[in-house]
Each structure stands twice: as structure tokens, then as C-alpha cells.
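Step one of this worksheet: look at the structure below.
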Amino acid sequence: MKKDIKLIVFDVDGTLVNDKKEILDESIKVIDKLKKKGIRIVLNSGRTFNGMWRMRQRLNLMGFDDYSICGTGAFIRRNADGKAILENPLYEKDYKEVINLVEGYDVQVTIHTMNIFYLNEEVPNEAFIKDQRQVQLPWMKFEKFSDIEKSVSRIGITGDKEILDEIYAANKEELEKSYKLMRNEDYLLEVLNKKAGKSKSLRKLCDFLGISKDEVMYFGDGLNDARSLSFAGTSIAMENAHPKAKEAAQYLIGSNNAPSIAGFLRKYFDLDE
């Protein structure tokens with residue numbers, strides 16, 4: 001049975017954008033029609049706020065009543081000016097704890113802020129390059145932690161899978177007392193504020209907007225989308241999704257490289273071509 005949808009939420013990478021990091025024209029046209037019907041559109045991504053600026057502009061989500069869930073739920077920001085309406089940041093003490101934790105391991109530690117991807121290394125490792133390609137932020141260094149933006153959404157440990165497996169296994173139980181850990185990619189271990197998380201922040205945004213979960217439609221593909229898919233009244237996983245995301249979703253559609261989202265939305269909302 002179709003529900004009365006007031007909010008449609010899209011994960012970005014692997015869902016809304018194709019493998020070339022582009023939003024398909026078909027998706028843009030359909031989303032524009034739904035916006036004109038008064039349906040809210042929100043992006044919910046592991047990327048930080050300005051790693052999504054191209055998507056916001058392409059979808060014309062630039063208003064003071066448009067919002068994005070950023071950094072795996074570390075922040076909810078107003079699209080027009082980036083103002084945070086929810087903040088779950090990390091601090092210098094958290095960075096120092098991670099640095100001490102990985103001493104002696106062949107890994108690199110990154111800091112993600114609203115605008116910048118920080119790494120104090122002369123030569124980025126291959127895992128860092130993959131992560132930067134994903135988050136699409138510029139890389140900078142810093143002399144003191146106090147020099148960086150006060151909007152740290154996550155601290156990343158990048159390296160070979162086997163090394164990260166070892167670090168994860170040895171420290172998971174202790175770290176999860178104070179932090180949320182994410183392993184969405186085998187080359188990356190993410191450390192987040194305990195209160196962060198895509199589904200937690202989605203619930204907070206729904207409360208803020210006065211929208212019930214039955215009025216939410218969610219599209220996702222990642223392991224970090226599984227709980228959001230379970231929460232939403234109508235949930236859709238991509239063909240290329242993680243098995244846990246597929247298990248959590250009510251509908252399974254085609255891949256992010258095909259006009260699968262547009263096709264589903266046209267059919268669900270009875271839209272003309």
C-alpha cells in the first residue's frame with residue numbers, strides 16, 4: 001500500500017550518483033516534479049557538507065528550508081548557509097586517542113571537516129586517495145589541531161584491509177564505549193561521535209520537521225544505510241547495495257548507473273514521463 005510521502009531522503013555515493021559521481025538527468029527531472037508537489041528532498045551522506053555542494057546545486061536544494069545530513073550523521077546543516085541545526089563533532093582529545101592507538105601501524109589518520117580533508121603526511125597512501133576521491137574535498141595539512149575548522153565530523157584510519165582488520169579486532173570493544181565505529185569500506189575505519197549516525201540524525205531531522213517515519217521514503221546502498229532503510233516507512237535499496245541494506249529495504253531496484261531511481265519514483269507517484 002502506497003504511503004503519503006512528505007520527505008524523500010537519498011544517500012549519495014552508490015545511490016543518487018553514478019560511478020562517475022554524477023546525478024542522472026532523469027533523476028533531476030523527476031525530483032524537480034516531486035519538489036513542486038511539496039515533497040521535501042534531503043541528502044544523507046558520509047560526505048561532509050561541502051563534499052555535496054555539486055549535488056545540492058544540481059537539485060536546486062539551496063533554500064533556508066532545505067537540509068542535509070552530513071558526515072554520517074555527525075551534523076545536520078541548513079543548505080542555504082551551512083548553519084548546523086544538530087552537531088555531534090569530535091575534538092582534539094579524540095584525535096590524540098586515535099593517533100596513539102595506531103602508533104606502529106602502517107596506516108594514516110585523516111580528519112574530515114565541513115570543507116577540508118586534513119592529513120599530516122608527505123605522501124598520501126592509496127587508501128587515502130580512494131577516500132578523497134569518494135568525499136571530493138581538498139587535502140590540507142595543519143600545524144596545530146586548533147588551526148583546523150571546528151567542525152570535525154569524523155576521524156578516519158586509512159590503510160590496507162589486513163592492517164585495519166587487526167586494529168579493528170584489537171580495539172573495537174574499548175573504542176565503542178566512547179565512539180561509533182563504521183567500516184563501510186575495507187580500506188577505511190571511521191571513528192565518529194557516539195551520538196552520530198545516519199539513522200539517528202534522520203530521526204532528529206524528522207522530529208525537527210514534524211514528519212513521521214511513515215511519511216519518509218529512503219534510498220540507499222551502503223551498510224551505513226541499513227538502519228535508515230529500516231526506519232523509513234518506504235525504503236528502497238539499489239541493485240549494487242550491501243547485503244544488509246538489501247535485507248532492510250522493502251523494494252530493490254536497479255543500479256545507480258541506470259535511471260532506476262527515476263523509474264521507481266515515476267511509478268510510485270504516478271508521474272508522466
Do we have Asp270 as farther than 30 Å from Asp94 by Cβ, out of contact with any helix residue (DSSP H, G or I) (no Cβ under 8 Å at 6 or more places or on another chain) and open to solvent by 30 Å² or more (accessible area, probe 1.4 Å) here? yes
Residue match in the stretch 171-181 (condition: among the charged types (D, E, K, R), open to solvent by 80 Å² or more (accessible area, probe 1.4 Å) and closer than 19 Å to Ala226 by Cα): no
Please identify the pairs in which a residue from the stretch 169-189 that is more than 18 Å from Asp106 (Cα to Cα) and modelled with pLDDT of 90 or more has its Cβ atom under 8 Å from the Cβ atom of a residue that is of a type in the set (Ser, Thr, Tyr) and surrounded by fewer than 18 Cβ atoms within 10 Å (Cβ to Cβ), counting only partners at least 6 apart or on another chain. Leu181/Tyr168
Subset of the stretch 1-38, residues open to solvent by less than 20 Å² (accessible area, probe 1.4 Å), β-branched (Val, Ile, Thr) and either free of Cβ contacts under 8 Å to residues at least 60 places away in the same chain or assigned to a helix (DSSP H, G or I) (or both), comes to Val12, Ile23, Val30, Ile31
Which residues, taken from the stretch 228-241, are buried (at least 19 other Cβ atoms within 10 Å of the Cβ) and without any contact (Cβ under 8 Å) to a residue 40 or more places away in the chain? Leu229, Phe231, Ser235, Ile236, Ala237
If you take just the strands (runs of 3 or more DSSP E) that sit entirely in the stretch 175-263, which of them hold at least 1 residues that are under 23 Å from Ile41 (Cα atoms) and not charged (D, E, K, R)? 216-220, 234-237
Would you check which residues across the stretch 1-55 are among the hydroxyl-bearing types (Ser, Thr, Tyr) and under 18 Å from Asn256 (Cα atoms) and list them? Thr15, Ser27, Ser45
Cβ pairs under 7 Å, 6+ apart or interchain, first in the stretch 115-139 and touching a residue at least 12 places away in the same chain (Cβ under 8 Å) and within 11 Å of Tyr187 (Cβ to Cβ), second part of a loop (DSSP other than H, G, I, E, B) and of a type in the set (A, V, I, L, M), ordered by first then second residue, are Phe128/Leu119
Quick check on the stretch 195-213. Is at least one of its residues open to solvent by less than 80 Å² (accessible area, probe 1.4 Å), on the phi < 0 side of the Ramachandran plot and either in contact with a His (Cβ under 9 Å, 6 or more places away or on another chain) or without any contact (Cβ under 8 Å) to a residue 12 or more places away in the chain (or both)? no
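The values are calculated or read from the model by the stated rules, or taken from the named source; none is laboratory data. Just so you know, these numbers come straight off a predicted model, no measurement behind them. Cβ atoms come from the backbone with ideal geometry, glycine included; neighbour counts cover every protein chain shown. These accessible areas exclude ligands, DNA and RNA; they are computed on the full protein's heavy atoms, side chains included. Shrake-Rupley method; radii C 1.70, N 1.55, O 1.52, S 1.80 Å.
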